[in-house]
Structures are given as structure tokens and as C-alpha cells.
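Take a look at the structure below.
The values are calculated or read from the model by the stated rules, or taken from the named source; none is laboratory data. Given the structure is predicted, the values throughout are model-derived calculations rather than measurements. Quick reminder, even Gly has a Cβ in these numbers, built from the backbone with ideal geometry, and neighbours come from all protein chains shown. The accessibility values were calculated without ligands, DNA or RNA, using every heavy atom of the protein model including side chains. Shrake-Rupley method; radii C 1.70, N 1.55, O 1.52, S 1.80 Å.
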Amino acid sequence: MRYTGRDMNEFAPLPHSFFTPSASQVAARLLGHWLVRFSPEGISGGVIVETEAYLEGDPACHAFRGPTDRNRAMFGPGGVAYVYFIYGCHFCVNAVCNAVGKGEAVLVRAIEPVFGLELIRQSRSATRRVEQLANGPGKLCTALNIARDLNNADLCAAATPLMIAVNPEWRAYRREYGPVVRAARIGIAKAADLPLRFYLGKSGFVSRGGKPTGRQTSAGE
């Protein structure tokens, strides 16, 4: 099963408690669950297949130098969205983790689009290949029309424009498309060697680049 819901009421958000551990734990556990966008045009989204963790004290983390107007959402409670604009051309979406004031988050790098495909294709008209519709953080936000107005959105609310929802068959999905591979993060200059990128090794929907560390994790099982 990939998707059965037809309206917001058929999705159950992950609880705030899911996001209270460190981002390094949450990043692996998110794989296989749903990222869901609710808009006036309809519902779109898919299965999270790739993430990266950004931690307290991590030089690559936006929160490293303390709160600013841009990153303030990162210092809030776990389970809210941190959305930022990068390179003057695209947005990235993160799930804030850990305790209030810690400044940690998980970047959602890629999803497998499984519902709202026509909406996604309209937003990502530059490509027709389903594998390339949301296989990168910028592509993903374009595909789901995620922008700065969703910064601070409650990802765990029953009525929200952006939700991380329970996939009832996430274990089966992970078995089919795993193992969970842990690798170095992509596209950063600082702390680039830290193995804080997680993805499903058999998924055809992850972004390209990076080399696995050779370690695998069963976090969240």
C-alpha cells in the first residue's frame, strides 16, 4: 500500500514526541513515513526516502551561531517546520527536533511522489520522469509548493497545510526499499564528512551524490 487517503481526515500526523530526540535519531526514523501537503488545489506528497540531520554545535547547522530572524523556528519545539530560501532560487523544508532552544532539525531531501501526481507534475513541469520530480530538497519544495509562508507550520497538527504523517505500512516499505544507508551530507562545505545523511538504499527516488560510509542503521525499527 502506498496511499489510500483522499482527504485530510484520513491522515494521522506523527506526534510531537516523535521529534523530541536528537535530529540524528529522527532523521533515520522518518524514512518510510509521509510528507503531506494540503492546499486549496488538493493533496500531494509522498514517502520520505532521504534526510539529513543538522545538530546543536554543528558548523553546517543554521542554528550554529544562535537565533536570528531567519532561523528562529529551529529553536522552537520539535515537530514544527523550518523553511528557508537558498541560493536565491529554491526553498528547503526541515522538521525541527530536540528540546526548545537546542536548534536542531532534519532536512527532508527527497520523497517518492505517490499521491497528487498531477499537481506535482504541474509544479515540476520541467521534467516528466517521476523519479526526478522530488529527488532533492529544492525539487521537493517546488513539487509540493512549499515556501517561506510554511515556516513554523505545525507538522503534527490535525489541521495543517504541511504534515508529516504516519505511513501505516512504513515497516514494510523500509523492508522493501532498505537497508537504511548512512552517508556524508551533500552540498555543504563545513563538517561535510559527518555521516548524517540517511536514505533507503534500494529507492530510485533519492538524490545523487555522496558515498555510503558502509554502516547501516535500523533506527526506528
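If packing is taken as the average number of other Cβ atoms within 10 Å across a peptide's residues, how do 191-199, 106-114 rank, most packed first?
Working: 191-199: 19.9, 106-114: 25.6.
Ranking, from highest mean packing down: 106-114, 191-199.
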- Quick one, which of (1) 49, 24, 22; (2) 29, 21, 18; (3) 23, 20, 18 is the actual semi-axes √(5λ) of the Cα gyration tensor in Å calculated for this model? (3)
- Message: On a full-extension model of 0.36 nm per residue, what is the gain between residue 175 and residue 158, subtracting their alpha-carbon distance, rounded to one decimal in nm?
- Response: 3.3 nm
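Shape call for region 61-111 from the C-alpha gyration tensor, a ≥ b ≥ c root eigenvalues: rounded (a/c under 1.5), prolate (a/b greater than b/c) or oblate? If you can, show how the numbers build up before the last one.
Details: a/c = 2.24, a/b = 1.31, b/c = 1.71.
Here region 61-111 falls in the oblate category.
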- Item | Long-range amide H partners of residue 93 with built H, under 5 Å | 108
- Message: Show me, for region 127-135, the HN-Hα J-couplings you get by feeding each phi into the Karplus relation (A = 6.51, B = -1.76, C = 1.60, θ = phi - 60°), rounded to Hz, glycine and proline as x.
- Response: 9, 10, 6, 4, 5, 10, 5, 9, 9
- Task: Name the long-range amide H neighbours of residue 50: under 5 Å, sequence gap of 5 or more, or other chain; modelled H, no Pro or chain starts.
- Result: 109, 110
- Task: Can you bin region 90-215 into rounded, prolate or oblate? Criterion: square roots of the alpha carbon gyration tensor eigenvalues sorted a ≥ b ≥ c, rounded for a/c under 1.5, prolate for a/b above b/c, oblate for the rest.
- Result: rounded
- Task: Using a Förster distance of 45 angstrom, determine the FRET efficiency expected from the C-beta separation of residue 39 and residue 193, and round it to 0.05.
- Result: 0.70
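Is region 148-192 rounded, prolate or oblate when judged by the Cα gyration tensor, a ≥ b ≥ c being the square roots of its eigenvalues, rounded requiring a/c under 1.5 and prolate requiring a/b larger than b/c? Kindly include the intermediate steps, with their values, before the conclusion.
Working: a/c = 4.21, a/b = 1.11, b/c = 3.78.
Cα axes put region 148-192 in the oblate bin.
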- Message: I need the Debye-formula profile for region 28-125: one equal scatterer per C-alpha, no solvent, reported as log10 I(q)/I(0) at q = 0.10, 0.14, 0.24 1/Å, two decimals.
- Response: -0.30, -0.58, -1.26
- Along region 158-174, what does the Karplus equation 6.51 cos²θ - 1.76 cosθ + 1.60 (θ = phi - 60°) give for ³J(HN,Hα), rounded to whole Hz, x for Gly and Pro? 6, 10, 8, x, 9, 10, 9, 10, 5, 8, x, 10, 5, 5, 5, 4, 5
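Heavy-atom accessible area per residue, the chain, 1.4 Å probe: how many Å²?
Working: 9610 Å² over 221 residues.
With all protein chains present, the chain gives 43 Å² per residue.
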- Note on the structure: Expected vector for region 190-200, Karplus 3J(HN,Hα) from phi with 6.51, -1.76, 1.60 and θ = phi - 60°, integer Hz, x for Gly and Pro, equals 8, 6, 5, 8, 5, x, 10, 9, 10, 8, 7
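Work through the residues other than residue 132 whose Cβ is under 12 Å from its Cβ and net out their charges, Lys, Arg +1 and Asp, Glu -1. Don't skip to the end; give the middle numbers.
On the way: positive: 121, 124, 128, 129, 139, 208; negative: 112, 131.
Here the count lands on +4.
Run the numbers for residue 121 and residue 70: contour at 0.36 nm per residue of separation, minus the present Cα-Cα distance, in nm. List each step's numbers first, then the result.
Details: separation 51, 0.36 × 51 = 18.36 nm, distance 2.98 nm.
Here the answer is 15.4 nm.
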